[in-house]
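The values are calculated or read from the model by the stated rules, or taken from the named source; none is laboratory data. Given the structure is predicted, the values throughout are model-derived calculations rather than measurements. Neighbour counts are summed over all protein chains in view; Cβ atoms, including those assigned to glycine, are modelled from backbone coordinates with ideal geometry. Keep in mind that these areas ignore ligands, DNA and RNA; they rest on the heavy atoms of the full protein, side chains included. Shrake-Rupley method; radii C 1.70, N 1.55, O 1.52, S 1.80 Å.
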Amino acid sequence: METIRIQGGIPLQGKVRIQGAKNAVLPILAACILLDDISYLRNCPKIADVDAMIELLQCLGCSLQWTSDGLTVDTGHFCCGNLPQKAVRGMRSSVFLWGALLGRCGEFSIEYPGGCVIGNRPVDLHIKALEQMGAKFCQEEGRLYACATHLTGTYIHLPISSVGVTENIILAAVTAEGDTYVDGAAKEPEIVALCDFLNCCGARIEGAGTDWIYISGGRKLYGTEYTIPADRIVAGTYLFATIGTAGKVLLEQAPVSHMESVMQVARNMGASLYVTGNGLYVEGPTRPSPVKLETAPYPGFPTDLQSILLAVETIGDGDSRIKERIFENRFRIVPQLQTMGAKIEIENGMCAGIQGVDGLKGAYLHGEELRGGAALVIAGLMADGESRVDGVSYINRGYENICRDLRELGARVTGE
Ligand code: EPZ
């Protein structure tokens with residue numbers, strides 16, 4: 001299925017179950033490398049990025065099996081070795097393996113991870129933090145080599161609240177000699193999930209979810225059972241899709257405690273939200289009210305929902321302004337939306353001024369990254385007539401089956 005065909009103009013109605021969180025399960029899969037044991041990850045999302053991570057771990061001697069409601073991960077026969085170029089290429093999340101590989105093997109050799117369309121995705125802070133713990137890095141012919149005879153716990157100050165860097169430090173620190181203190185840690189719920197998982201495995205990590213995290217090093221770790229939390233970005237995607245189509249939807253299992261900023265924006269757009277026993281019920285307004293916001297590290301408005309909000313506000317009842325503060329190239333869907341009749345101006349690459357129009361018209365749209373692709377599908381749901389969105393393989397990296405989910409909500413979408 002490389003293209004999604006959408007008949008727009010239908011309000012979403014019904015209920016949809018929110019999948020497990022991509023950005024929680026990926027570092028947890030990396031953490032399994034540190035265990036010589038079997039773990040069971042319940043509610044693991046069946047998405048392309050998890051498939052890629054499974055392939056990477058299998059190349060390292062691990063065996064992973066899908067079950068009815070999760071994934072069994074056996075790292076009892078783990079063997080250190082080079083990660084195959086094919087498995088790493090395009091797998092940004094392979095960066096999360098660095099801390100775990102240094103902790104388990106004391107070295108790794110990997111194709112230097114490139115940037116992606118949303119930004120150049122530097123790794124300088126990953127390298128600097130791991131060097132502070134005793135690792136040595138060198139680059140040769142497009143490959144990155146790292147080694148550490150042993151990792152030593154230390155105090156690390158992060159100048160930027162980086163999710164991946166915080167996760168790599170945690171993954172290295174649990175096996176290091178001595179204790180590690182992270183000052184300026186990212187506070188995302190996915191960091192909390194990683195630390196919860198590791199504490200279930202026998203680690204001792206305190207402060208997850210704050211900007212100060214303490215990790216006790218050198219403790220023996222064992223396999224465990226863990227339930228992956230629901231994906232707040234997928235929940236937010238369908239929340240804004242409901243607003244954009246004036247729908248009424250129950251988001252089952254939505255992690256509302258991780259969605260405060262997103263829910264506040266939804267209310268500002270005129271949505272009525274009701275937290276229920278098993279999720280979040282959303283009633284969209286007839287037409288979204290405009291908003292002015294900027295993306296920020298958690299608990300601020302997440303950059304991963306910026307494109308989706310942008311798409312919905314193209315039909316807002318007024319002018320909106322959205323500033324992107326995390327990644328430098330996250331307005332790439334603007335030209336696509338303009339072909340549908342949207343009125344958007346980008347100022348100095350970091351701020352979008354949106355003049356709400358009465359409606360969008362269907363078009364042939366080209367997805368080129370995960371969240372932008374999802375945003376184009378939502379624009380198609382809102383538009384008059386038929387739209388097609390290609391580049392579906394990007395969307396499948398983070399959504400189990402966006403067509404299935406939207407069809408359950410009454411959308412007329414088909415995957416080709
Ligand atoms: C994680 O990426 C997520 N990915 C991203 O989700 C998410 O957008 C991002 O965090 C921000 O929340 C996963 O968890 C797999 P960062 P990550 O390091 O860790 C700069 C999605 O759609 N930086 O928190 O790579 C960086 O350029 C994806 O699911 C450095 O300067 O993001 C950015 O401006 C997209 N040097 C800022 O930090 C470094 O060494 C925050 O990025 C590392 C990062």
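Things to note:
- Every listed requirement among (1) assigned to a loop (DSSP other than H, G, I, E, B); (2) open to solvent by 20 Å² or more (accessible area, probe 1.4 Å); (3) not hydroxyl-bearing (S, T, Y) is met by Q338 save one, (1).
- Options Y222, Y145; residue that is under 27 Å from Y112 (Cα atoms) and over 20 Å from the mean Cα position of the chain (by Cα): Y145
- Within the range 313-335, the residues that satisfy the criterion of being crowded, with 23+ Cβ neighbours inside 10 Å and assigned to a strand (DSSP E or B) are S320, I322.
- For the range 327-357, a tally of residues being touching a residue at least 60 places away in the same chain (Cβ under 8 Å) and touching a strand residue (DSSP E or B) at 6+ places or on another chain (Cβ under 8 Å) returns 6.
- Flag if V88 is within 16 Å of the ligand (Cβ to nearest atom), within 26 Å of V163 (Cβ to Cβ) and touching a Pro at 6+ places or on another chain (Cβ under 9 Å): yes
- Taken over the range 359-404, the criterion of being open to solvent by 20 Å² or more (accessible area, probe 1.4 Å), more than 15 Å from V117 (Cα to Cα) and polar (S, T, N, Q) is satisfied by N396, N401.
- Residues satisfying the stated conditions in the range 34-60, i.e. over 20 Å from R397 (Cβ atoms), of a type outside the set (A, V, I, L, M, F, W, C) and either crowded, with 20+ Cβ neighbours inside 10 Å or modelled with pLDDT of 95 or more (or both): D37, S39, Y40, R42
- Sole exception among (1) in a strand (DSSP E or B); (2) more than 16 Å from the ligand (Cβ to nearest atom); (3) open to solvent by 30 Å² or more (accessible area, probe 1.4 Å) for T180, by number: (3)
- Only residues that are among the β-branched types (V, I, T), farther than 15 Å from E400 by Cα and open to solvent by less than 10 Å² (accessible area, probe 1.4 Å) were counted across the range 10-33, and they come to 2.
- Restricting the first member to the range 153-180 and to residues that are in contact (Cβ under 8 Å) with a residue 40 or more places away in the chain and more than 12 Å from G134 (Cα to Cα), and the second to residues that are open to solvent by 10 Å² or more (accessible area, probe 1.4 Å) and among the basic types (K, R), the beta-carbon pairs closer than 8 Å and six or more apart or on different chains are S161/K187; V174/R219; T175/R104.
- Failed item, numbered, when I160 is tested on (1) assigned to a loop (DSSP other than H, G, I, E, B); (2) away from the ligand (no atom under 13 Å from the Cβ); (3) out of contact with any helix residue (DSSP H, G or I) (no Cβ under 6 Å at 6 or more places or on another chain): (2)
- Tallying residues that are within 17 Å of the chain's Cα centre (by Cα), within 9 Å of the ligand (Cβ to nearest atom) and of a type in the set (A, V, I, L, M) within the range 110-132 yields 1.
- Residue match in the range 245-258 (condition: surrounded by fewer than 17 Cβ atoms within 10 Å (Cβ to Cβ) and of a type in the set (V, I, T)): no
- Pairs with Cβ under 7 Å, 6+ apart, first in the range 120-131 and without any contact (Cβ under 8 Å) to a residue 12 or more places away in the chain, second small (G, A, S) and near the ligand (Cβ under 7 Å from one of its atoms): none
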